[in-house]
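The values are calculated or read from the model by the stated rules, or taken from the named source; none is laboratory data. Keep in mind that this is a model prediction, so the values were computed, not measured. Using ideal geometry, Cβ is built from the backbone for each residue, glycine included, and neighbour counts are taken over all protein chains shown.
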Amino acid sequence: MSAGSTRSKWSSETRPEALFGGRDASLFGRRQKRPRGARLPVVAVTGFLGSGKTTLIRALLDKPEGGGTAVVVNEYGEIGIDHALLRSSSDATVLLGNGCLCCNVRSDLQETLRALFADRARGAVPSFVRVIIETSGLADPGPILQTFATDRALGREFHLQALVCVVDAVAGETNFERMPEARKQVALADRIVVTKSDLADAGAAERLVKRIATLNLAPVGIAGHGEIEPSFLLDEPVAVRRNFDLGEADHTHGLESFSLIFDEPLTWPSFEQAMAVLMSLRGPDLLRVKGFVALAECRGPVVVHFVQHVAHPPVELEDWPDDDRRSRLVFVTRGLARKPVAQLFASVAAFAAGGA
Amino acid sequence: MTDTAIWNFKQLAHHELDGFGGIGEGMSIQIAKDGRRILWLAHESAPKNFTAVDVSDPRAPKLVARADLPQSHMRSNSLETVGDIMAVAYQTTKQGLQPAGFELFDISVPENPRSITFFDCSGPNSRGVHQLWFADGEHIHMSSGSADFVPTHPKDDQFYRIIDVKNPSKPVEVGRWWLPGTKQGDNEPPPVRHPENADTGFRPHNTNVYPERPDRAYLGYIDGGLVILDISDMAHPKMVSRWDYHPPYFGFTHTVVPFFDRNLLIVSDECTRTEGADWPKLVWIVDARAETNPVPISTCPLPPLESFMRRGARYGAHNLYENLPKPNAWKSDRIVLATYFNGGLRAYDTSNPYQPAEVGYFVPEPPARAPSGAIQINDVFVDERQIVYTVDRHVGGLYTLEMEF
C-alpha cells in the first residue's frame, strides 16, 4: 500500500483470482481456519538482558508442548549470559534435547529463517512445527514485526503468532523509567511475562503489573521459577473486545495504546484508504496496528496487521471466533491519539458512502 | 519424537488392519442404517478383497468386516459405495483369467456383505477392471477389458466402459471409448509406444464423472495423457481434447479432478518405479478455461528427489482426493490432497494456481513390517466432517487425520 494509493492492492483485480477465483473467491486468497493459515508460527520473545528470556524458553522446551521447536537466538553480536546458556557447540543448526533445534544467528534473521524453511522441506533438519526467536535485550521489536509482513520477506512461510515480552520484577520498573526501549517492548507485546517475583521485594510484582497496565492491556502472566503455562507463550492472541485508551495515563512517555471498535461493517476501500492516509502521514509513529475487520464484502473477519509503513497481507477467516462481529483494532502509536484516528476513519467512511 | 514428519495435520489414529494393511485405491464412506460411519477399503493385492472399518469415532477405528478374494491371481484395488450398494473391481494378474469384472454387493448389514451380481469382463485379451467410478447410483464408469476387445498391443487391454446399474441385478453396458488406434481394426495407426522401460500402456486409469458436468468424463489415460470426453450421448462418447505430455515426461497419467467453478483441472501422474527411475512424477495444475486446449500452468512443489529416493520403494505422485460427488465426502476447489508413496500425503493451496503452495504434509514413519522399509502412502479420502483417511500400499493400514491448514 503506497502513499496516496487509490488502488486496492490486494483485491482480485490484480491477482490470479480474477482468472481462476470462481464464484466463492475471497478478496484475500483462500479463507483460513486461523489467522496463521498454514504458515509456521513464530513466537518472538523480547525483554531486557537478565529478564529471564532464556530460562523461560528452556523451560518450555523441556515440556511436551515445546517439542518440535526451532529456536533462533538473535544476538546482534552481543556477548552475554544468553549466549553462554543457549549457544551450541558449532555454528550449524543442531538438535537440542526434546527434538528441538537451536541455532545462533550471526547474520540476518531473514536469511536464517529462509534457510531453516528450505532445510526443513528437504528433510535436512527435523520437521519443526514452530520457531521461537529470542531477541537480544535491547532489540526494538519493530523490525522483527516487519520481517514477517511481506511475501518478499517471510510472510508467505512464517506468521508472527505472538510477541511476548519478558519483564523481571526486580529491575523492570527501573528499566521502564530509564530505558525507552523497555517501555516500547512492553507496549508492543501481545503477552507479557513477569519473572523473578520470588526474588523481588514484597509487592514489587504487583506494582509492576499495575505499571504494565498503563502501557498495554495485553494479558500478563507471572512466571514461577522461570516457568509459565506453554499455551500462554504459544497460542494465538485473542482479539480485543472492548474500548480502551491508555493515551491519557501518566508515565507513558508519549506511547499511546487504544482500541477502535466499529459496530457496523466497513468497506475494504474505505478501511484501506484510512490506513493509507495514516501510514503515509504518520507511518513512523504507527508502531503497531492489529485486529479483526468486519467487511461488507466478506463473510468472515479479516485479520489485519500494520507495522509503521508496512502492511501484512490481510487474511480472511472462514468464520468469526465468537458472537462479537464488530471490527476491533488495537493501535500502539507514538504520540498519535485516539480521537483524530477515530475521526479519520469516520470521515473516510462518510466520503466512501457518498456523504460528508 | 517419532520419525513421522507431520505439518498442519493432526494424527488421530492409526489402524494396521490386523496384519492386512495393504490398501489399494478404493476408499468409500457408507452411513449404515444404524448410523455407523463405515469406511470400505479395497486391498491392493491378494489374499484380501475388501475391509470395512467403523470410523464413527475417527480416534478409534474398529474393524467391522473383511472378505477374501476367491482367487490369488486377482486383486480388487478399487471400490465405491452408493447408499447400501458397493461395487468392487476385479482384475486378474494375466489376460484370460477369471474372475475378471466387477461385483455388486448389498452392504445394508456391513458385517455381512451379500453379493448381488457379478459382471463378467473376462476374455482372452482382458484382465478385467482396474478402477471404477460409481457415484450417482446409476452408472459405473470404469477402466476395463472385455471379451470382444482385441487391442493392437497387449498393454492397451483396458478401455473406458459405461455400465448402467439402475437394476443392480442386471448391469448393462451402454457405452465405451478407446483411444483410436488401440483396438484392432481401427482406421487410425496404433500410438507410438513409449520406450520399453516406460511403456505402461494406452489405457485409462481413473474415469471421473461429476454432476456439475454430467456430459463430460475426465480420464487419466496413462501413457496417453489427459482425455476429456463428451458423454452427452453415452452410447457414442466423443473426445473433446487430449493433453499428452509424454515424452519427454514418463507416462502414467492417473487422475483428473476438475475444479469446475475455477476452470482448473488437477492432474496426477503415478510413479511406478523405485529410486526415482521415472522422476519426476507430478501433480499438475491445468488451465481449462478452453476445454479443447488444456494448458498446464504449474506443478505442486515437492521436496527434492535426493531427500526421498533412497528411503525405499517409490517416491512420486499417485492418487488425488477427487471431490467425490456424494453427501459424505468433503468438497474443496482450493485444496489439493495428493499421495506420493514414501513422500507421504501432501496438501496444496491452489488459490494462486500459478504458484501452488504446500500447506501440510504427513509422512508417517515406516510401518514395522514394511517390505521395502518405507512408507508407501497410496490413496486419500476426506469425509464431510473434514476427517482425512489415508492408507499405506503394503502393510501400514489406515491413518486418520485432521486438517489444520
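Among the residues in segment A:224-236, are any under 20 Å from A:LEU329 (Cα atoms), surrounded by 21 or more Cβ atoms within 10 Å (Cβ to Cβ) and either of a type in the set (Asp, Glu) or not assigned by TED's automatic domain parsing to the domain that holds A:LEU286 (or both)?
Going residue by residue through segment A:224-236, those that are under 20 Å from A:LEU329 (Cα atoms) are A:235-236.
After this cut, where a residue has to be surrounded by 21 or more Cβ atoms within 10 Å (Cβ to Cβ) as well, the list is none.
No, there is no match, as no residue in segment A:224-236 is under 20 Å from A:LEU329 (Cα atoms), surrounded by 21 or more Cβ atoms within 10 Å (Cβ to Cβ) and either of a type in the set (Asp, Glu) or not assigned by TED's automatic domain parsing to the domain that holds A:LEU286 (or both).
I want to confirm something. Restricting to segment B:355-405 and keeping residues that are closer than 15 Å to B:THR4 by Cα and of a type in the set (D, E, K, R), which single residue is modelled with the lowest pLDDT?
The residue in question is B:GLU365.
Pairs please, first residue from segment A:112-124 and touching a residue at least 60 places away in the same chain (Cβ under 8 Å), second anywhere and among the charged types (D, E, K, R), Cβ atoms under 6 Å, 6+ apart in sequence or on different chains.
Going by the 6 Å Cβ cut-off, the qualifying pairs are A:PHE117/A:GLU157.
Quick one: which residue in B:ASN206, B:ASN187 is among the polar types (S, T, N, Q) and over 20 Å from B:HIS130 (Cβ atoms)?
It is B:ASN187.
More than 13 Å from chain A (Cβ to nearest Cβ), in a strand (DSSP E or B) and within 18 Å of the chain's Cα centre (by Cα), is that true of B:ALA338? Working first, answer last.
Details: more than 13 Å from chain A (Cβ to nearest Cβ): yes; in a strand (DSSP E or B): yes; within 18 Å of the chain's Cα centre (by Cα): yes.
Considered against the rule, which asks whether it is more than 13 Å from chain A (Cβ to nearest Cβ), in a strand (DSSP E or B) and within 18 Å of the chain's Cα centre (by Cα), B:ALA338 comes out as yes.
Name the residues in segment B:204-232 that are in contact with an Asp or Glu (Cβ under 9 Å, 6 or more places away or on another chain) and part of a loop (DSSP other than H, G, I, E, B), would you?
Within segment B:204-232, B:HIS205, B:ASN206, B:PRO211, B:GLU212, B:TYR221, B:ASP223, B:GLY224, B:GLY225, B:ILE231, B:SER232 qualify.
Output the residues belonging to segment B:1-41 that are within 18 Å of B:LEU324 (Cα to Cα) and acidic (Asp, Glu).
Listed by number, the list holds a single entry, B:GLU25.
B:ILE285 fails exactly one of the following numbered conditions: (1) of a type outside the set (Asp, Glu); (2) within 14 Å of chain A (Cβ to nearest Cβ); (3) under 20 Å from the mean Cα position of the chain (by Cα); (4) on the phi > 0 side of the Ramachandran plot. What is the number of that condition?
Evaluating B:ILE285 over (1) of a type outside the set (Asp, Glu); (2) within 14 Å of chain A (Cβ to nearest Cβ); (3) under 20 Å from the mean Cα position of the chain (by Cα); (4) on the phi > 0 side of the Ramachandran plot leaves (4) as the failure.
Give the residue, chosen from A:LEU329, A:LEU336, that is closer than 18 Å to A:ALA276 by Cα and in a loop (DSSP other than H, G, I, E, B).
Details: A:LEU329 fails: in a loop (DSSP other than H, G, I, E, B).
After applying the criteria, what remains is A:LEU336.
For segment B:165-179, what are the residues that are part of a loop (DSSP other than H, G, I, E, B) and touching a residue at least 40 places away in the same chain (Cβ under 8 Å)?
The answer is B:VAL165, B:PRO168, B:SER169, B:LYS170, B:PRO171, B:LEU179.
What's the total number of residues in segment B:341-370 that are acidic (Asp, Glu) and not in a strand (DSSP E or B)?
Residues flagged as acidic (Asp, Glu) and not in a strand (DSSP E or B) within segment B:341-370 amount to 1.
Based on what the data block shows, is A:GLU256 more than 20 Å from the chain's Cα centre (by Cα) and not assigned by TED's automatic domain parsing to the domain that holds A:ALA162?
no
Which residue, of B:ASP84, B:ASP136, B:ASP120, B:ASP68, is surrounded by fewer than 20 Cβ atoms within 10 Å (Cβ to Cβ) and touching a residue at least 60 places away in the same chain (Cβ under 8 Å)?
One residue alone meets the criteria, B:ASP136.
Going by what's in this entry, would A:ASN216 be described as assigned to a loop (DSSP other than H, G, I, E, B), touching a helix residue (DSSP H, G or I) at 6+ places or on another chain (Cβ under 7 Å) and either at pLDDT below 95 or assigned by TED's automatic domain parsing to the domain that holds A:VAL307 (or both)?
Numbers: assigned to a loop (DSSP other than H, G, I, E, B): yes; touching a helix residue (DSSP H, G or I) at 6+ places or on another chain (Cβ under 7 Å): yes; either at pLDDT below 95 or assigned by TED's automatic domain parsing to the domain that holds A:VAL307 (or both): yes.
So A:ASN216 fits the description; yes.
Condition first: in contact with a Phe, Trp or Tyr (Cβ under 9 Å, 6 or more places away or on another chain) and surrounded by 15 or more Cβ atoms within 10 Å (Cβ to Cβ). Now tell me which residues in segment A:197-222 satisfy that. Please lay out each step first, then the result.
Narrowing segment A:197-222 to residues in contact with a Phe, Trp or Tyr (Cβ under 9 Å, 6 or more places away or on another chain): A:208, A:211-212, A:215, A:217, A:219, A:221.
Result: A:LEU208, A:ARG211, A:ILE212, A:LEU215, A:LEU217, A:GLY221.
Please find, within segment B:352-381, the residue that is surrounded by the most Cβ atoms within 10 Å (Cβ to Cβ) out of those that are more than 24 Å from B:LEU39 (Cα to Cα) and within 12 Å of chain A (Cβ to nearest Cβ).
In the first step, residues of segment B:352-381 are kept if they are more than 24 Å from B:LEU39 (Cα to Cα); the result is B:352-359, B:371-374.
With within 12 Å of chain A (Cβ to nearest Cβ) added as a condition, the list becomes B:352-359.
Details: B:ASN352: 16, B:PRO353: 22, B:TYR354: 12, B:GLN355: 14, B:PRO356: 21, B:ALA357: 20, B:GLU358: 20, B:VAL359: 24.
Only one residue fits best here, namely B:VAL359.
How many residues, within segment A:13-72, are out of contact with any Pro (no Cβ under 6 Å at 6 or more places or on another chain) and away from chain B (no Cβ under 13 Å)?
21
Which one of the conditions (1) in contact with a Lys or Arg (Cβ under 8 Å, 6 or more places away or on another chain); (2) under 20 Å from A:ALA218 (Cα atoms); (3) not β-branched (Val, Ile, Thr) does A:ALA294 fail to meet, given that it meets all the rest?
Answer for A:ALA294: the failing condition is (2).
For B:ASP57, only one of the following conditions fails: (1) surrounded by fewer than 18 Cβ atoms within 10 Å (Cβ to Cβ); (2) in contact (Cβ under 8 Å) with a residue 24 or more places away in the chain. What is its number?
For B:ASP57, the failing item is (2).
Taking the options A:GLU316, A:GLU272, name whichever one is in contact with a Cys (Cβ under 8 Å, 6 or more places away or on another chain), charged (D, E, K, R) and not assigned by TED's automatic domain parsing to the domain that holds A:VAL164.
Working: A:GLU272 fails: in contact with a Cys (Cβ under 8 Å, 6 or more places away or on another chain).
Checking each option against the conditions leaves just A:GLU316.
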